[in-house]
Structure formats: C-alpha cells, structure tokens
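> For reference, the structure I am asking about is given below.
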Amino acid sequence: MVAILQKYIDQFIDLPAEELEALINSIEVRQVDKKVRLTDIGESEKYLYFVIKGLARKFFLKGKEEIITQIAKEGELISSSVSYFSGMPSTYVIETIEPTTFYSLAHDRAEQLYSRYPKLERLSRLIITELFLQKEVWELERIRYNTKERFLRFMNDNPELFQRVPQKYLASYLNIKPETFSRLKHLLRSKKSDAPYLK
C-alpha cells in the first residue's frame, strides 16, 4: 500500500526516507464499506483522505438535490478541504461509493509534521497548489465545453469509472441531466456496435 503513496509523492518532491517514514507513521489506515459518510454537513473535517483502493465522492445539497463536485479513485486525495484547513463546519459530505481503503492524515498530526520536517511542509504546499489548479481547470471545462463534449472528454480520460460509478453520480458530477446522460451513453454504445474495431 505504501507504494501507491510513494508514487503520488514522487510527482511533487524527492522526499528523504526519514520524512517519508515520519509521514507513514502519522497516517491511519481506514477501511470502510460502501455508502459510508466519512464527513457530514456541519461537522468539522479532521482528515485528509488518500484513496488506496476504492472510490469516494464529495457533494453538497442544493435543496434535496446532491451536487457532486469530486469523484476520487485510487491514488487521489479527497476531503472537505475548506473545513480541513480552516476548522469551519463542513458544507460538504464525503461518502464512499465502493468499499474503500484510505490513508488518513489528521490535521493536528499534519501540523506537527510540518513544524519538524521542512520538505513535508513544502510537499503540502505543492499538493495544495496542484489541487487548486485542477479545480480551476475543471471549472473552466464545465463552462467551456458543451454537454456532449464534457461527456466524451470525461469518458476518454476515465473509462473505468463508467463501469464503477452509478450513472446518476456521473451525471451530477458532469452537470448533465440524467436523461441526457443516458441518451449519450446509448448513442456511444450504438456507435461502438456499428464499428467493432472501436470496442
């Protein structure tokens, strides 16, 4: 399990063995079933979650409608980040989609690590910067591309999620009406069946 975390860290920084060991000793391994809420609206987010195996989603409520803003798979982070970094009550729910195993880093433990290990503090800043950039790119794509383009781009980048994530969740995440999502999915399957080499 450490290998997937090491691979993620290596994208950002060459972390000395001592600091990697300190980080590993500070994280908790959590295994939870599907549809378990790790964080609920109004709670204070205490953990940053790194997905080792499984899937989780992040959403808020608009009336009774769930608006999904993130779907995290293996090798990705998820958290109610504003609450985690500020201590304010969460406006989001973090919930598993599949039985999921996480590395969880508590906020107070993270602060202790940053005060002792400069490279871990730098790693944190680099990760936060990357997450900010990803969020801005995704917000632009939701505006820049039409419904069909968003569907096709996401499908090409994340084909495995179409098998693992409920359709209503994907439709919410892509800001596509469920009936439109179903129609696009049907059209795509029809095109593939007409052209076997695309399968």
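The values are calculated or read from the model by the stated rules, or taken from the named source; none is laboratory data. Everything numeric in this text was worked out from a predicted model, so none of it was measured. Ideal geometry is used to build each Cβ from the backbone, glycine not excepted, and the neighbour counts take in all protein chains shown. Calculation scope for accessible area: heavy atoms of the full protein, side chains included, ligands and nucleic acids excluded. Shrake-Rupley method; radii C 1.70, N 1.55, O 1.52, S 1.80 Å.
> Net charge within 14 Å of LYS168 by Cβ-Cβ distance, Lys/Arg positive one each and Asp/Glu negative one each, not counting LYS168 itself?
Around LYS168, the surrounding residues sum to +2.
> Now for a separate question. Per residue, how much accessible area does the chain show when a 1.4 Å probe rolls over the protein heavy atoms, in square angstrom?
It amounts to 60 Å² per residue over the chain.
> Any idea what the relative contact order of the stretch 1-99 is, in percent, if you count C-alpha pairs under 8 Å spaced at least 6 apart?
35
> Next up: Take the solvent-accessible surface of the protein heavy atoms, probe 1.4 Å, and return the percent of it on the chain that carbon and sulfur atoms account for.
So the carbon and sulfur contribution to the accessible surface is 53 percent.
> Okay, moving on. Using a Förster radius of 35 Å, what is the FRET efficiency between THR147 and GLN6 based on their Cβ-Cβ separation? Nearest 0.05, please.
0.35
> How tilted is helix 118-144 with respect to the longest principal axis of the chain? Cα atoms for both, answer in degrees (0 to 90, nearest 10).
20
> Let me ask another. Give LYS73/LYS119; LYS7/LYS53; LYS53/LYS177; LYS46/LYS119 a once-over and call out the pairs whose C-alpha atoms are over 24 Å from each other.
With Cα atoms farther than 24 Å apart: LYS73/LYS119; LYS53/LYS177.
> For the Cα atoms of the chain, what angle does the longest principal axis make with the long axis of helix 107-116, in degrees from 0 to 90, nearest 10?
That helix lies at roughly 50 degrees to the long axis.
> Between the helical axis of 178-194 and the dominant principal axis of the chain, each derived from Cα atoms, what acute angle in degrees is found, rounded to the nearest 10?
70
> Follow-up. Give the dimensionless ratio obtained when the Cα radius of gyration of the chain is divided by 2.2 N^0.38 Å.
Cα-based Rg divided by the globular estimate yields 1.12.
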